[in-house]
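One structure is given here, and the rest of the page talks about it.
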Amino acid sequence: MIIDLGSGSTVKHVVDLLGELLQSGKVHNIIGIFENTHQQVISLRIPLSNLDDYPILDLAIDGADEVDPHLNLVKGCCGYLLRERIVEGAC
Ligand SMILES: O=C[C@H](O)[C@H](O)[C@H](O)COP(=O)(O)O
């Protein structure tokens, strides 16, 4: 399964869980897509690649900057909006 690992402090919790599941053998054959070097992902030994090698994703995980009362999400903090749109198109 090819998974985009997103960005932000919330995603770090998901990445921790993914690392635990991989190391316990409960999940297999995961490749994480991550744009920048991220010490947490590397230390958890999650296999990494990029969108050039895997242009079609099975799943994308990410946080949100704001959620309104109707559960609409506001995304795109910190210059990540373009990458998030590319990832959305790859799912
Ligand atoms: O747009 C930026 C990223 O999508 C982050 O997921 C978003 O900013 C939320 O970050 P955090 O989980 O740190 O609140």
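Figures for the structure shown
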read-out	value
Mean Cβ count within 10 Å, highest first, over the residues of peptides 6-18, 79-91	6-18, 79-91
Those residues of the stretch 59-91 whose amide nitrogen sits under 16 Å from the label point placed on Ile30, 7 Å along Cα→Cβ	59-63
Equivalent ellipsoid dimensions for the stretch 2-90 as semi-axes, Å, which come from the Cα gyration tensor, largest first	23, 16, 12
Nitroxide proxy distance, nm - points 7 Å out along Cα→Cβ at His70 and Ile56	3.4 nm
Mean Cα-pair separation over length for the chain, i.e. relative contact order, pairs under 8 Å, 6 or more apart, %	34 percent
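Each reported figure results from applying straightforward, stated rules to the coordinates on display, with no laboratory input. Remember, it's a predicted structure, so these values are computed and weren't measured experimentally. Don't worry about glycine lacking a Cβ; one is built from the backbone with ideal geometry, like all the others, and counts go over all protein chains shown.
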